[in-house]
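**Q** This is the structure I have questions about; it appears just below.
The values are calculated or read from the model by the stated rules, or taken from the named source; none is laboratory data. Source: prediction; values computed, not measured. For neighbour counting, all protein chains shown are included, and Cβ atoms are generated from backbone atoms with ideal geometry for every residue, glycine included.
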């Protein structure tokens, strides 16, 4: 009986620590095209057909109302460069398939925003020099953002403030052949 109470106390402590940290537990974000800190294949870049890579995530909290995804490159010469913005993805969705259309609507019912190339949807890696990192960040939100398609990363991040209940990320790398 004493062991049962000890186990119960450990579980309560873990839950209280999670709540104190904002209730976030780490999600796993992955791709069948590349692993963590591995090279993004050229078909997903400006050196290939520039289609969006497949991205998946797990452990979406039951109380999530929507999911958002942002992919950016902090190594760009002029500052962080945005490659992909997606939002209002239904919480039952656990992935985005390869080659999403470059339109405002995702097949799953979510929306795509504008990247720093000035286009809606995916804009693949195209670094001018060196090896760059590409952060695919997935956010679980306690609200639907209800923004129209075509919003920027900044607009989406402003709308997400105070509503992120969990998040995870995958980092890919890419350098162009010279």
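**Q** With (1) modelled with pLDDT of 95 or more; (2) more than 30 Å from residue 177 (Cβ to Cβ); (3) touching a strand residue (DSSP E or B) at 6+ places or on another chain (Cβ under 6 Å) as the list, and residue 24 as the residue in question, which single condition is left unmet?
**A** Just one mismatch for residue 24, condition (1).
**Q** A further question follows. Anything in the stretch 27-41 that is touching a residue at least 12 places away in the same chain (Cβ under 8 Å) and either touching a strand residue (DSSP E or B) at 6+ places or on another chain (Cβ under 8 Å) or over 15 Å from residue 99 (Cα atoms) (or both)? List them, or say none.
**A** 27, 28, 29, 30, 31, 32, 34, 36, 37, 38, 39, 40
**Q** Based on what the data block shows, is residue 82 within 30 Å of residue 148 (Cα to Cα) and in contact with a helix residue (DSSP H, G or I) (Cβ under 6 Å, 6 or more places away or on another chain)?
**A** yes
**Q** Determine whether the stretch 52-71 contains at least one residue that is in a loop (DSSP other than H, G, I, E, B), over 17 Å from the mean Cα position of the chain (by Cα) and either farther than 20 Å from residue 161 by Cα or in contact (Cβ under 8 Å) with a residue 60 or more places away in the chain (or both).
**A** yes
**Q** For the stretch 102-114, name all the residues that are over 14 Å from the mean Cα position of the chain (by Cα) and in a loop (DSSP other than H, G, I, E, B).
**A** 102, 103, 104, 106, 107, 108, 109 - these are the residues of the stretch 102-114 that are over 14 Å from the mean Cα position of the chain (by Cα) and in a loop (DSSP other than H, G, I, E, B).
**Q** Also: Any residue at all in the stretch 121-129 that is in a loop (DSSP other than H, G, I, E, B), modelled with pLDDT of 95 or more and surrounded by fewer than 16 Cβ atoms within 10 Å (Cβ to Cβ)?
**A** No; the residues of the stretch 121-129 include none that is in a loop (DSSP other than H, G, I, E, B), modelled with pLDDT of 95 or more and surrounded by fewer than 16 Cβ atoms within 10 Å (Cβ to Cβ).
**Q** (1) surrounded by fewer than 20 Cβ atoms within 10 Å (Cβ to Cβ); (2) closer than 19 Å to residue 30 by Cα; (3) at pLDDT 95 or above; (4) in contact with a strand residue (DSSP E or B) (Cβ under 7 Å, 6 or more places away or on another chain): which one isn't true of residue 108, the others all being true?
**A** Condition not satisfied by residue 108: (3).
**Q** Given 138, 156, which one is buried (at least 21 other Cβ atoms within 10 Å of the Cβ) and either in a helix (DSSP H, G or I) or on the phi > 0 side of the Ramachandran plot (or both)?
**A** Matching residue, one of 138, 156: 156.
**Q** Out of curiosity, is residue 168 closer than 24 Å to residue 49 by Cα, modelled with pLDDT of 95 or more and part of a strand (DSSP E or B)?
**A** no
**Q** For residues that are assigned to a loop (DSSP other than H, G, I, E, B) and either in contact (Cβ under 8 Å) with a residue 40 or more places away in the chain or within 13 Å of residue 150 (Cα to Cα) (or both), tally how many sit in the stretch 85-101.
**A** 5
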